[in-house]
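Okay, structure first, notes after.
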Amino acid sequence: MTDSASGLICPKCEQPLIANGKQWQCPNRHSYDTAKQGYINLLLVNQKKSKNPGDDADMVRARTDFLDTGIYAPISDALNAMVAADGVILDIGCGEGYYTERLQTHVPQASVIGLDISREAIKGACRRSKDITWLVASGARPPVSAGTVDTIISLFTPLMPPGLNHALSDKGEIITVNTGPRHLMQLRELIYDDVRNEGFVPTAKMVDAGFECIEERVVTYTATVAGGEPLLALFNMTPHRWKVKPERVEKLLSVDSLTLEIDVVLHRFRRQTDTQ
Ligand SMILES: C[S@@+](CC[C@H](N)C(=O)[O-])C[C@H]1O[C@@H](n2cnc3c(N)ncnc32)[C@H](O)[C@@H]1O
Ligand SMILES: [Zn+2]
């Protein structure tokens with residue numbers, strides 16, 4: 001990606017951004033700085049629902065600590081196997097960049113952009129790689145030129161179809177990664193009285209938005225997580241941390257280790273083809 005043809009656009013007026021040293025400017029003179037960590041902040045104040053949207057520093061740290069154990073590496077490997085080797089890849093809601101960095105290393109010819117609404121997450125991502133364009137931005141309207149992204153990744157992140165539609169090229173593909181019904185069942189059994197088999201299936205929402213599913217892949221395995229800090233890190237990076245009573249967290253902390261089912265579903269989508 002050269003500075004003069006970055007593919008990035010101004011979030012205010014949607015004109016191309018051109019780099020001038022560490023500053024990015026559009027023809028309407030809106031300008032954005034590259035932070036010392038290396039990311040560009042393209043999130044407008046009116047795109048924020050709170051002062052610091054997205055994952056906070058504690059959640060980011062927990063995610064990094066857990067992902068660095070390698071327990072989710074098979075999920076990352078399955079994702080990498082589904083991605084074409086070149087073109088522009090945009091990881092929407094990339095978090096602290098574990099999967100994005102492993103993907104970029106897997107397809108070094110590709111031009112990889114990692115985007116997240118959380119500044120803390122993107123600061124962490126900058127530590128993982130200097131070969132990726134890291135953006136603090138909203139996935140609802142990714143600040144990239146329309147129709148320029150060949151592969152979009154949406155991994156354990158809220159689906160934002162308008163953003164996907166804006167960014168994706170005509171022949172582009174979207175890969176989603178979501179939890180399957182038995183994901184982390186044994187952890188959920190420890191912290192809830194009533195545990196249901198639940199997962200998230202993105203297909204209906206994607207079909208409504210004009211996409212069709214062309215591949216589905218299920219990744220299941222078991223992994224043992226040591227008690228104490230590793231298990232707490234896993235718990236703290238999940239949305240369960242907001243829902244669970246303190247006494248149940250203590251129960252979680254009392255186990256020596258936990259053998260868990262990992263159950264994750266990957267889908268590949270493209271724009272619906274006209275069948276008439
Ligand atoms: C569960 S985390 C997943 C992070 C990463 N994909 C991973 O699996 O490690 C969800 C991420 O989505 C981000 N997020 C939430 N809403 C967003 C939005 N509107 N635009 C961009 N990112 C968003 C959060 O800040 C968080 O980092
Ligand atoms: Zn502008």
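Among the residues of the range 108-140, those identified as within 12 Å of ligand 1 (Cβ to nearest atom), part of a loop (DSSP other than H, G, I, E, B) and touching a helix residue (DSSP H, G or I) at 6+ places or on another chain (Cβ under 6 Å) are S138, G139, A140. Among the residues of the range 226-256, those identified as touching a strand residue (DSSP E or B) at 6+ places or on another chain (Cβ under 7 Å) and more than 16 Å from ligand 1 (Cβ to nearest atom) are A226, G227, L231. Here C26 meets each of (1) away from ligand 1 (no atom under 16 Å from the Cβ); (2) in contact with a Lys or Arg (Cβ under 8 Å, 6 or more places away or on another chain); (3) assigned by TED's automatic domain parsing to the domain that holds V144 with one exception, condition (3). Contact map, the range 28-40: first residue more than 19 Å from S138 (Cβ to Cβ), second residue within 16 Å of ligand 1 (Cβ to nearest atom), Cβ cut-off under 7 Å, separation 6 or more or different chains; pairs are Q37/K123; Q37/C126; G38/C126; G38/W134. Residues that are within 25 Å of the chain's Cα centre (by Cα) and open to solvent by less than 60 Å² (accessible area, probe 1.4 Å) were ranked within the range 29-40; the one that is farthest from ligand 1 (Cβ to nearest atom) is T34. Exactly one condition in (1) open to solvent by less than 20 Å² (accessible area, probe 1.4 Å); (2) at pLDDT below 95 is false for E96; which is it? All conditions pass for E96, except number (2). Among the residues of the range 141-159, those identified as within 16 Å of ligand 2 (Cβ to nearest atom) and surrounded by fewer than 22 Cβ atoms within 10 Å (Cβ to Cβ) are R141, S145, A146.
Scanning the range 41-75 for residues that are touching a Phe, Trp or Tyr at 6+ places or on another chain (Cβ under 7 Å) and buried (at least 21 other Cβ atoms within 10 Å of the Cβ) yields L42, L67. Here P202 meets the list (1) farther than 24 Å from A84 by Cβ; (2) touching a Leu at 6+ places or on another chain (Cβ under 7 Å) almost entirely, failing just condition (1). Of the residues E101, E14, the single one that is touching a Ser or Thr at 6+ places or on another chain (Cβ under 6 Å) and either at pLDDT 95 or above or closer than 30 Å to K171 by Cβ (or both) is E101. Residues of the range 160-184 that are farther than 15 Å from R217 by Cβ and either among the hydroxyl-bearing types (S, T, Y) or open to solvent by less than 10 Å² (accessible area, probe 1.4 Å) (or both): G163, L164, A167, L168, S169, G172, L184. Set side by side, the residues K171, K245, K205 differ, and just one is touching a residue at least 60 places away in the same chain (Cβ under 8 Å) and assigned by TED's automatic domain parsing to the domain that holds I71, which is K171. So for the range 75-88 (the condition being of a type in the set (S, T, N, Q), more than 22 Å from L232 (Cα to Cα) and within 14 Å of ligand 2 (Cβ to nearest atom)), does at least one residue qualify? Within the range 75-88, none of the residues are of a type in the set (S, T, N, Q), more than 22 Å from L232 (Cα to Cα) and within 14 Å of ligand 2 (Cβ to nearest atom). The single condition among (1) touching a Gly at 6+ places or on another chain (Cβ under 8 Å); (2) buried (at least 17 other Cβ atoms within 10 Å of the Cβ) that V218 does not satisfy is (2). All conditions but one from (1) assigned to a helix (DSSP H, G or I); (2) more than 29 Å from P161 (Cα to Cα); (3) touching a helix residue (DSSP H, G or I) at 6+ places or on another chain (Cβ under 7 Å); (4) open to solvent by less than 60 Å² (accessible area, probe 1.4 Å) apply to K251; the one that does not is (4).
The values are calculated or read from the model by the stated rules, or taken from the named source; none is laboratory data. What you are looking at is a predicted structure, and each value in this text was computed from that prediction instead of being measured. All Cβ positions, glycine included, derive from the backbone under ideal geometry; neighbour counts span all protein chains shown. When the accessible area is computed, the model is the full protein with side chains, heavy atoms only, and any ligands, DNA or RNA have been set aside. Shrake-Rupley method; radii C 1.70, N 1.55, O 1.52, S 1.80 Å.
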